[in-house]
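Written below as structure tokens is the structure these notes are about.
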Amino acid sequence: MSALKEKIVRLIRAQGPVTVAHYMQIALGDSDAGYYMRANPIGRDFITAPEISQIFGELIGLLFVQVWEDCGCPKRFHLIELGPGRGTLMSDMLRAAKIRPAFLEAAEISLVETSPALRATQTDALAGVRAAWRNHLNEVPLGEPLFLVANEFFDALPAHQFVRAEHGWHERMVTAQDDALVFALAPEAVPAASFPPPHGQETRSYPTGAVFETSPASEGIVKEIAHRIAESGGVALIIDYGHAESGVGDTFQAVKDNRYADPLAEPGEADLTFHVDFAALADTARDAGAHVCGPQTQGEFLAALGIRARAARLKHASPELAGEIDAAVDRLTNPAQMGTLFKAMAICEGRGPGVPGFSC
Ligand code: SAH
């Protein structure tokens, strides 16, 4: 048994079963042996859009240049990335943004990253860039407009699961059976007054076994982003896999070596994620006083930003790479690949000409 699994088993024996959210937080974030804390998993266990093509980050960089100009070219603003992985997205954004040197001069760059291993990779990728690393968004000073991007960040945040049983919804827990970790239901149903949660969930119409997921960690961060944007202006772009409407379904999954794995088998060794509930995040942002564009599919979003024109230009410059460039565009936009499962959503002030890529 790995040291981290042993630690979780000991915790459960001492204190009783833990929630799925608590389990995920330890498995990914334990300071010694958490999945993201130890090493760089991107490219080994899974691949993300910025790693598929430089065009992804370039288009997002140009999007931010456009919204910066639309809001009157503020002399100072925060350019923030949540969960920057290998630093590729930020690096591609900054290269594309060189077309407006004043944008780069005005940008105070913050990278919100908790993993020391990934911070080291990001430092290399962004050598020569004036940037600050933060553990949490709340360490970024207040008072300036905020241009923020989060790609495949929210799927890595812990969520709670509730399972419909005969007399109500019970929280799904993780417990220890001999040396194995297994799921179990909390014996008491969640008090009816605090359930069903918002976002249109109707308790009675769900069959026994239905699973409802909610991520207070994600909603807390979106609330903070939306408050800041409502107060000081800016745009936040959230891209992730997930659903546009809230619903029921078990989306807790583990991936190791590009294959699905058992989420309880090897904590710390596999990536754990939930699908993002975009409707819940949109409601949270609106409640905090901001405006929401989308969500819409990644395929539509990238097409509206001009991915095909950009690909044509790259192919013209490097004809020998044409096949590779076409394959990357297909992977990012084809509904059978990342085009439909992945969604893009923007949080903004709601004044001004809207956000490029969105039809709002
Ligand atoms: N955005 C990158 C990486 C996605 S992987 C890409 O598209 O390639 C998730 C990233 O979020 C990793 O960098 C991970 O270390 C970071 N992360 C996970 N939980 C976090 C948290 N609570 N706070 C800050 N960063 C976190």
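A few remarks follow.
- Exposed GluC sites (Glu not before Pro) absent - longest run of the chain, DSSP non-H/G/I/E/B, at most 16 other C-beta within 10 Å: 1-165
- Placing a label point 7 Å from the Cα of Val255 along the Cα-to-Cβ direction, the residues of region 51-70 whose backbone N falls under 19 Å from that point are 51-57.
- Computed from the C-beta positions of Met1 and Arg95 and an R0 of 56 Å, the FRET efficiency is 0.80 to the nearest 0.05.
- Within the chain: Cβ-based charge dipole about Cα centre, in debye rounded to nearest 20 (Lys, Arg +1; Asp, Glu -1): 720 debye
- Note on region 221-277: semi-axes of the ellipsoid equivalent to its C-alpha gyration tensor, largest first and rounded to whole Å, are 31, 14, 10.
- Cysteines, the chain, no other Cys beta-carbon under 4.7 Å: Cys71, Cys73, Cys348
- Protein heavy-atom accessible surface, 1.4 Å probe, per residue over the chain: 44 Å².
- Remark: region 203-360 is approximated by an ellipsoid whose semi-axes, taken from the C-alpha gyration tensor as √(5λ), come to 29, 26, 14 Å, largest first.
- In nm, spacing of pseudo-spin labels at Asp326 and Arg38 (7 Å Cα→C-beta vector): 4.1 nm
- The chain - share of DSSP beta bridges that are antiparallel (%, nearest 5): 60 percent
- Distance between the 7 Å Cα→Cβ label points at Gln15 and Ala303: 4.8 nm.
- Working note: 222 nm ellipticity from helices only, DSSP H runs with n ≥ 4, each -39,500 (n - 2.57), summed and divided by the residues of the chain, gives -10500 deg cm²/dmol to the nearest 500.
- Carbon/sulfur fraction of accessible area - the chain, other protein chains in place, 1.4 Å, %: 51 percent
- Kirkwood radius for the chain, taken over all pairs of different Cα atoms as the inverse mean of 1/r, rounds to 21.4 Å.
- For Glu231 and Glu105, the FRET efficiency from 1/(1 + (r/R0)^6), where r spans their Cβ atoms and R0 equals 22 Å, is about 0.40.
The values are calculated or read from the model by the stated rules, or taken from the named source; none is laboratory data. Remember, it's a predicted structure, so these values are computed and weren't measured experimentally. Backbone-built Cβ (ideal geometry, glycine too); neighbour counts: all protein chains shown. The accessibility values were calculated without ligands, DNA or RNA, using every heavy atom of the protein model including side chains. Shrake-Rupley method; radii C 1.70, N 1.55, O 1.52, S 1.80 Å.
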